[in-house]
Amino acid sequence: MALSRLRHPVISRAPSLFRARLLSSSTRSLTRTFSVQNSTTLGDNTLSRPATLSMLTGVQDKPSKLKPWTGVKYYSTADPLHVVLTMPALSPTMSQGNIAKWKKKEGDKIEAGDILCEIETDKATVEFESLEEGFLAKILIPEGSKDVPVGQPIAITVVEDADDIQNLPANVVGGSEVKEDIPPQQNVKKEDGVQDKSSVGINTSELPPHILIEMPALSPTMSQGNIAKWKKKEGDKIEVGDVICEIETDKATVEFECLEEGYLAQILAPEGSKDIAVGQAIAVTVEDAADLEIVKNAVFSGSAVKEEKPIHQDTRDATSSEKTSVKRISPAAKLLITEHGLDTSSLKASGAHGTLLKGDVLAAIKSGLGSTIVSSKEKTTSSAQVHPKTSAPTSTESRSSKQTDSFEDFPNSQIRKVIATRLLESKQNIPHLYLSSDVILDPLLSLRKDLKERHNVKVSVNDIVIKAVAVALRNVPEANAYWDAEKGEVFLCDSVDISIAVATEKGLMTPIVRNADQKTISVISSEVKELAEKARAGKLKPNEFQGGTFSISNLGMFPVDHFCAIINPPQASILAVGRGNKVVEPVIGSDGIERPAVVTKMNLTLSADHRVFDGKVGGSFLSALRSNFSEIRRLLL
């Protein structure tokens, strides 16, 4: 499949021998909550106390927010006064979180009320807000880090002077000062998680000249990726410009392109591998074909050692699970335990402070633990009874089987995950304003018929709708705008670029018709057809789907009369187009007399960012759009 190319350097930690080519992409609010850690005592000559507690402010139009300071102040005769910030428990069920984005850099001044970072929890994405002044001395958990346990240190601040940053001891900056506070789950997570590049099992000192290819960071926010497909096999010759593999990231599917000659000696991450950490080795290349067997044997010997490790790990996990006692059970987990008749003493709790989570119970059910317990209980009951009832165990087993087999896990692509996240954030963070209006479709249908019969020009209803919307945006420029969140201002767009929603196998794509107000209907029609084909084939170029000032989602080909679409950020509006329906309504004839007539009406619903659109702007836009549908032939001018 021919694929479009991105000829710009890639942000990567691997050797700069490869670059990326974009295949497809997708488009991505925040509420605020926080918690406070209890005071602790730390080592010799060092005391601690909890930092200033937060106050819950009154109800606002915006989502309510808590303003705590999660961390511990450290006082020492030798070291500067500093605060260790830890991952807060932002909900009763939260045991870990992700660092989505750092708003401050190391060395930055922090004022009271400044946002330090954004944290993704199991419930929402929240902002970590400071209530004290200081300086950000060290970021311990980098941006994009996943599954950071609650209570683990994430950053260090100094309270008094920026010069104190240089005076912090190495054990503080390295995070070892509070190492004892890190929950034991973190060590287990590190063993069970994705392998790091040192776990490949290759003694590089014994290998011939080679290159260890690592998973690159293809975007600033990328922390992991999937190997979608290997384009080269082990032993293949690699020429300059050859595509090694396709990598699926959180933003797009890209091709890994070689810039040097060589041979693919060993594939370390097979096709279909998921969630490979950035920096983890995925392949080995050599310069000489004679070195292929040497590298292959070295990798095999290393993997043989690696395969033995899970046996010991499982034994250690089994031992720890026997020792682990369940102290608390979440409501969801308790419900599953009751439904499946599980024994809590046989379950392993992975939550903080011995909390048994829903995921722990589901994992036990998936491994067959539930059916084993149920059957063993039935056997005990039947042996204790003089006249056992064989019908009860059969019905219980069949019911348990139906419950476990009643669903199927459907794997989701990275692109669909990002689309889901962005649309959720759009709905949560953008104040949607909905305005709806019906337009008479008969003039449009008449124009479409004339173009086909007289000029042999075939256009769709959607093509004419695009032109009508583009002209309306040109006449009401206030509607062709977007909201700049950083400056808190509305910015008007110079060009009218219409994004068209196209459904593909990978997800919803939005190719763009640039300067649609300046193009004829026939040009728009041919351009839309070409862009839709490219989108379904995954061949869109970046400039063909990035940007856009206004979106149109048309479900008129389905039996959908009207619907409300979700705004595609950073745009400020999207128009939902329903199907045409024949209705009877009074129409004034040429003689001025009102008579009932059958007309075709179509519903249009505008979803707009209320920060950009007020009622006047939205009403003016829909009024201009209705006028274009009433006098549709002026669009030909």
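Of the residues making up the stretch 87-116, those that are over 23 Å from the mean Cα position of the chain (by Cα) and not small (Gly, Ala, Ser) are Pro92, Lys105, Glu106, Asp108, Lys109, Ile110, Glu111, Asp114. Scanning the stretch 228-235 for any residue that is farther than 30 Å from Arg416 by Cα and either modelled with pLDDT of 85 or more or surrounded by fewer than 20 Cβ atoms within 10 Å (Cβ to Cβ) (or both) turns up at least one such residue. Taking the conditions (1) part of a strand (DSSP E or B); (2) over 20 Å from Ser460 (Cβ atoms) in turn, Leu508 satisfies each one other than (2). Taking the criterion of being open to solvent by 30 Å² or more (accessible area, probe 1.4 Å), touching a helix residue (DSSP H, G or I) at 6+ places or on another chain (Cβ under 8 Å) and over 14 Å from Lys109 (Cα atoms), the residues of the stretch 125-155 that qualify are Asp147, Val150. The residue pairs whose first member lies in the stretch 586-614 and is open to solvent by 50 Å² or more (accessible area, probe 1.4 Å), whose second member is assigned to a strand (DSSP E or B) and of a type in the set (Lys, Arg), and whose beta carbons are closer than 6 Å, counting only pairs six or more residues apart or on different chains, are Val598/Lys582. Listed residues Lys467, Lys452; which is closer than 22 Å to Ser627 by Cβ and either open to solvent by 80 Å² or more (accessible area, probe 1.4 Å) or charged (D, E, K, R) (or both)? From the options Lys467, Lys452, the qualifying one is Lys467. Do we find that Lys458 is surrounded by fewer than 21 Cβ atoms within 10 Å (Cβ to Cβ), charged (D, E, K, R), modelled with pLDDT of 90 or more and under 22 Å from Met602 (Cα atoms) in this structure? For Lys458, the condition - surrounded by fewer than 21 Cβ atoms within 10 Å (Cβ to Cβ), charged (D, E, K, R), modelled with pLDDT of 90 or more and under 22 Å from Met602 (Cα atoms) - is met.
Results for (1) surrounded by fewer than 20 Cβ atoms within 10 Å (Cβ to Cβ); (2) in contact with a Ser or Thr (Cβ under 8 Å, 6 or more places away or on another chain); (3) over 28 Å from Ile415 (Cα atoms), shown as yes or no for each residue.
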position: Asp494; (1), (2), (3): yes, no, yes
position: Asp497; (1), (2), (3): no, yes, no
position: Glu505; (1), (2), (3): yes, no, no
position: Ala516; (1), (2), (3): no, no, no
position: Ser526; (1), (2), (3): yes, no, no
position: Arg536; (1), (2), (3): yes, yes, no
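Screening Thr70 against (1) closer than 27 Å to Gly359 by Cβ; (2) of a type in the set (Ser, Thr, Tyr); (3) at pLDDT 65 or above leaves a single unmet condition, (3). Take the conditions (1) of a type outside the set (Phe, Trp, Tyr); (2) open to solvent by 50 Å² or more (accessible area, probe 1.4 Å); (3) at pLDDT 85 or above; Lys251 misses just one of them, which is (3). Do we find that Glu234 is farther than 30 Å from Met509 by Cα and not polar (S, T, N, Q) in this structure? Yes; evaluated as a whole, the condition is true for this residue. Contact map, the stretch 420-434: first residue open to solvent by 50 Å² or more (accessible area, probe 1.4 Å), second residue at pLDDT 90 or above and assigned to a strand (DSSP E or B), Cβ cut-off under 9 Å, separation 6 or more or different chains; pairs are Pro431/Asp609; Tyr434/Thr605; Tyr434/Leu606; Tyr434/Ser607; Tyr434/Ala608.
The values are calculated or read from the model by the stated rules, or taken from the named source; none is laboratory data. Note that the coordinates shown come from a computational prediction; the quantities given were computed from them, not determined experimentally. Cβ sites come from the backbone with ideal geometry, for glycine too, and all protein chains shown count toward neighbours. Side chains included, ligands, DNA and RNA excluded: accessible areas come from the protein's heavy atoms. Shrake-Rupley method; radii C 1.70, N 1.55, O 1.52, S 1.80 Å.
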